[in-house]
Amino acid sequence: QVQLVESGGGLVQAGGSLRLSCAASAYIFIFRAMAWYRQAPGKQRELVARFTSGGDITYADSVKGRFTISRDNAENTLYLQMNSLKPEDTAVFYCNAEMGAGWPDYWGQGTQVTVAS
């Protein structure tokens, strides 16, 4: 059973930065892709950024130019650098790992990000 543990969330003023980390209990190169999702109160969970094993990266339009996803295979860790944060970025951020081939995804427990105006 793979475990994903997020950290780095917190309260920040608008315009500030945070760096989220997702530590995996397995070698992350085995995953087809890893991603960050977020869920704001009363809203559906949405994809923020995704990083495939082939190196392809996609971002939600709302975070392009502000957020950067990266990974460290040696540390089995996925990161999300978030700059120029806005109040509308307030949400619980979740780490996701895709196994593919019909296997269920793995999810972390989430980390709260709150951006004050």
Residues of segment 77-116 being surrounded by 18 or more Cβ atoms within 10 Å (Cβ to Cβ) and more than 13 Å from the chain's Cα centre (by Cα), in sequence order, are LEU85, THR90, VAL115
Scanning for something under 10 Å from the mean Cα position of the chain (by Cα), basic (Lys, Arg) and either outside any loop (DSSP other than H, G, I, E, B) or surrounded by 11 or more Cβ atoms within 10 Å (Cβ to Cβ) (or both), does segment 67-74 turn up at least one residue? no
I'm trying to understand the selection: among the residues of segment 19-54, which are within 15 Å of the chain's Cα centre (by Cα) and aliphatic (A, V, I, L, M)? LEU20, ALA23, ALA24, ILE28, ALA33, MET34, ALA35, ALA40, LEU47, VAL48, ALA49
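Pull up segment 75-108, narrow it to residues that are part of a loop (DSSP other than H, G, I, E, B) and among the small types (Gly, Ala, Ser), then point me to the one that is farthest from LEU4 (Cα to Cα). Before you say what the answer is, go through the steps one by one.
Applying the first criterion (part of a loop (DSSP other than H, G, I, E, B)) to segment 75-108 yields 75-76, 83-86, 90, 99-105, 108.
From what is left, the residues that are among the small types (Gly, Ala, Ser) are 84, 100-102, 108.
Values: SER84: 26, GLY100: 17, ALA101: 20, GLY102: 19, GLY108: 5 Å.
Checked segment 75-108; the qualifying residue farthest from LEU4 (Cα to Cα) is SER84.
FYI, it's all coordinate maths here, none of it is from the lab. The structure presented is a predicted model; accordingly, all values stated were derived computationally and were not measured. With ideal geometry, Cβ positions are generated from the backbone for all residues, glycine too; neighbour counts draw on all protein chains shown.
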